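Coordinate-derived values only; no laboratory data. Bear in mind that the values here come from a model prediction, so they are computed numbers and not experimental data. Quick reminder, even Gly has a Cβ in these numbers, built from the backbone with ideal geometry, and neighbours come from all protein chains shown.
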Amino acid sequence: MKILIVVFISFGFIFTQNDGWKMVKEANNTKVYTRKTSESDYEQIRIITEVQAPISEIVNALEDVNYHQEWVYETKETKLLEKRGVGDFEYYALMNMPFPVKDRDIIIGVKRSQDPNSKVVDIKSFALLNRMPEKSKRIRIKTFLSTYKITPLDNGWVEVDYFMAADPGGKLPAWIVNMFTLKGPVATMESLVELIDSDYYKGKKVEGIID
């Protein structure tokens with residue numbers, strides 16, 4: 001199988017430096033930052049929030065690919081493609097775009113790890129190329145990286161630190177760009193918190209995760 005991972009290396013330094021971030025929103029235990037870099041015309045986004053829930057419930061939500069279309073912003077279709085091991089899998093996602101903009105789709109690889117001592121969980125998601133043929137009525141996203149760092153706090157709370165850098169491809173108007181790079185990630189994080197608070201994954205464990 002021929003697979004090419006893109007942007008994983010070019011954005012790999014993201015949490016080793018803290019310059020350039022600008023806070024654009026703060027509400028309900030959530031802080032939203034954006035940053036412009038020389039790597040892309042699109043701003044990177046970072047969202048930090050706190051949730052009172054076991055780590056396993058949050059990981060469950062993030063890895064329950066077939067349910068993403070119920071809460072991930074403008075996600076129209078999702079499908080698990082291959083599970084290689086614990087916290088190591090690939091999936092397909094189709095994102096709805098308002099007419100006349102073409103819908104976007106992407107093949108995503110996911111790798112998850114947890115430090116057994118601190119219990120901090122790191123999840124990296126990245127674009128894969130040459131995994132499925134492209135369709136003429138859709139534009140394949142080829143530049144994408146997101147990370148989740150889930151850190152246990154006191155009294156059953158955890159901090160979720162989310163980062164995303166992406167290029168939706170094609171020529172897009174400014175309001176569509178904002179929807180993809182700011183509105184979408186913020187709405188998705190809000191939906192994730194609501195999903196966890198709804199107890200949908202209450203009591204459900206995840207292989208390889210220590211709460």
(request) Please give the FRET efficiency for Glu159 paired with Leu129, using the beta carbon to beta carbon distance and R0 = 35 Å, rounded to the nearest 0.05. (result) 0.60
(request) Quote the relative contact order of the stretch 58-150 in percent (integer), defining contacts as alpha-carbon pairs under 8 Å separated by 6+ residues. (result) 19
(message) Given points 7 Å out from each Cα along the Cα-Cβ axis, report the Lys183 to Lys149 separation in nanometres with one decimal.
(response) 3.0
(message) Quick check for me: using +1 on Lys/Arg Cβ and -1 on Asp/Glu Cβ, what's the dipole size of the chain about its Cα centre, in debye to the nearest 20?
(response) 920
(request) Along Cα→Cβ, 7 Å out, is where each label goes; now give me the distance between the ones at Ser113 and Glu70 in nm to one decimal. (result) 3.2
(request) Filter the trypsin sites (Lys or Arg not before Pro) in the stretch 119-211 down to the DSSP loop ones having no more than 12 other Cβ atoms within 10 Å, then list what survives. (result) Lys135, Lys137, Lys171, Lys202
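Which FRET efficiency, nearest 0.05, do Glu26 and Ser136 yield, Cβ-Cβ r, R0 35 Å? Write down the numbers at each step before the final one.
Values: r = 43 Å, r/R0 = 1.22.
The value I calculate is 0.25.
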(request) Apply the Karplus parameterisation 6.51 cos²θ - 1.76 cosθ + 1.60, with θ equal to phi minus 60°, to every residue of the stretch 117-130 and state each ³J(HN,Hα) to the nearest whole Hz, in sequence, with x for glycine and proline. (result) 8, 7, 6, 5, 9, 10, 10, 10, 10, 8, 6, 10, 10, 6
(message) How would Val51, Val186 line up from fewest to most surrounding beta-carbon atoms within 10 angstrom?
(response) Val186, Val51
